[in-house]
Structures are given as C-alpha cells and as structure tokens.
Amino acid sequence: MTPAISKAVFVMLAIGWYLIRYQYARRSRRETVLRSDRGPRETALLLVSLCGLGVVPLVYIATSFPRLAAYPFQPSLAWLGLFFAAASLLMFQLTHRALGRNWSISLDVREGHQLVTDGIYRKIRHPMYTAFWLWAVAQALLLPNWVAGFSGLVGFGILFFGRVGREEQMMLETFGERYREYMARTYRVIPLIF
Ligand code: SAH
C-alpha cells in the first residue's frame, strides 16, 4: 500500500457511496412527505458533515492542503482503512436496500412509512449511521493528515449527536409503542456497546 493508493481507496469509497445512494435517492424523491423536521439546524448539520466527510478530505487529496498537518504514512494503517472502507460500503448497500422508499437524507416521515426492524435493523437502530462512522474511521486511517483524516469523525460526530435524539423522538411520535419496544431491544450503532 502506498500513499497514492490509500488516497485512491478513499475516492473509491466516496464514488461507491454516491452510486449506491443515487439509485435510492431517485426513488424516494417520488414519495410524499407527511411530516418533516427539516430546518436551518438540520441543514447546518448536513453541511458540517458533508465538509468533514467529503470536502476537506477531497481538497487534501487534490492539493495536499493543509501540508502542516501531515504526518508519516503507515501502510498497516492504510490496509486497515481499506477494510473499514469496504465494510462501510457493504453497510450502505444493506441499509439502503432495507430502508428502500423510507429513506431520506434528512428527518422525514413519508406517506405509508414502514418501520423497518428486520435484517440489518434487527439489532441496531441506526446502521446507516454505523456506515458513516465506518467511513469516518476509514478516512482517519487512509489519510495521514491530522486535519483531513480526522475531519470526518468531527463532522459526522456533530451531525450524529445533533440528530439522533431528534430522529428517535420523531420515530416515537410516529410509531409509538412499536418504536419504544424496538428501542428497548436494540442498540444505536454498535451491537452490545452503544
Ligand atoms: N437512522 C437510520 C436511518 C437514516 S435515514 C439509520 O442510521 O439507519 C433517515 C430517515 O430514516 C429518517 O427520515 C427516518 O424517517 C427514517 N428512519 C429511521 N429509522 C427508521 C426505521 N427503523 N424504519 C424506517 N424508517 C426509519
């Protein structure tokens, strides 16, 4: 593994994610939204996350900016990063397939919204956020730069902690007892830990 290949792995992760998301985003756009908790706060959270997981690392890959934050490349970390990147893409594929038309980039409840509690959603309530955490860890392992490597963990961390409670509240108000029971028997992002 070389620094150039390591950067290429990150670019492939971003392209792979986009290709998976694109097919499902097109389908879900046609579904009517009954309730939405979107607003300036959600938009700001999405932008921060997009910068941390996408803009900052891609600018670094294209320009090496910020050079001052660079540290020596370690092939073993990059190999581990490749593993996390592959796991992240697999989780994106599984979660998009499971959510189907219920997916949304923000906090929406659609007409005929189905609560998904099976498959990849059986033990964890937010496996798509697990996929983004895997992305952020992959980014930190693949890019030997304190800023570009860690901006994903910070950016997505802000989105995650700023959103997940409100999302669960929205699900509770929509699905009531069913979501409460689902919460009682599941973890948020990592089985047995969180
Ligand atoms: N937090 C989930 C979903 C992210 S997509 C995950 O990480 O896998 C965000 C949208 O998914 C929200 O608009 C919400 O309406 C919907 N959603 C969240 N959990 C859901 C579930 N278990 N079943 C169906 N839709 C869900």
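The numbers here are math on the coordinates, done by the rules we state, and not lab data. No experiment lies behind these values; they were computed from the predicted model shown. Positions of Cβ are generated from backbone atoms using ideal geometry, with glycine treated the same way; all protein chains shown enter the neighbour counts.
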Notebook entry, point to check: Stretched out fully, how many nm does the piece from residue 12 to residue 63 gain, at 0.36 nm a residue minus the Cα gap?
Noted result: 16.6 nm
Note to self: Once R0 is set to 22 Å, what does the formula 1/(1 + (r/R0)^6) return for the Cβ-Cβ distance between residue 186 and residue 37, expressed as a FRET efficiency to the nearest 0.05?
What the structure shows: 0.55
Note to self: On C-alpha positions alone, give me the angle between the axis of helix 146-175 and the longest principal axis of the chain, in degrees, nearest 10.
What the structure shows: 0
Notebook entry, point to check: What's the FRET efficiency of residue 27 with residue 194 using the Cβ-Cβ distance as r and R₀ = 25 Å, to the nearest 0.05?
Noted result: 0.25
Notebook entry, point to check: Which far-off residues, 5 or more places away or on another chain, put their amide H under 5 Å from the one on residue 107, with H placed in the peptide plane?
Noted result: 37, 38
Notebook entry, point to check: Using alpha-carbon pairs under 8 Å, 6+ residues apart, how would you state the relative contact order of the stretch 1-113 in percent?
Noted result: 59
Check: When the Karplus curve 6.51 cos²θ - 1.76 cosθ + 1.60 is applied with θ = phi - 60°, which whole-Hz ³J(HN,Hα) does each residue of the stretch 125-136 get, with x for Gly and Pro?
Finding: 7, 10, x, 5, 6, 4, 4, 5, 5, 4, 4, 4
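Please work out the FRET efficiency for the pair residue 169 and residue 71, using the Cβ-Cβ distance as r and a Förster radius of 30 Å; give the result to the nearest 0.05. Could the numbers behind the result be given before it?
Values: r = 41 Å, r/R0 = 1.35.
That gives a FRET efficiency of 0.15.
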Notebook entry, point to check: Over the chain, what relative contact order in percent results from Cα pairs under 8 Å that are six or more residues apart?
Noted result: 33
Check: Could you give the length gained on full extension between residue 101 and residue 161, defined as 0.36 nm per residue of separation minus the Cα-Cα distance, in nm?
Finding: 19.2 nm
Note to self: Give me a comma-separated list of calculated 3J(HN,Hα) values for the stretch 100-106, in order, Karplus coefficients 6.51, -1.76, 1.60 applied at θ = phi - 60°, integers in Hz, x for any Gly or Pro.
What the structure shows: x, 6, 7, 5, 7, 5, 10
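Output the peptides 3-10, 105-112 sorted from most to least packed, where packing is the average of other Cβ atoms within 10 Å over each peptide's residues.
Working: 3-10: 17.6, 105-112: 14.8.
In decreasing order of mean packing, 3-10, 105-112 become 3-10, 105-112.
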Checklist line | Distant-in-sequence amide H partners of residue 145 (H built 1.01 Å from N, under 5 Å) | finding: 71
Notebook entry, point to check: Against the longest alpha carbon principal axis of the chain, how many degrees, from 0 to 90 and to the nearest 10, is the axis of helix 40-50 turned?
Noted result: 40
Next item on the list: Taking amide H positions as placed in the peptide plane 1.01 Å from N, state which residues far from residue 124 in sequence (5 or more) or on other chains have amide H under 5 Å from it.
Entry: 187
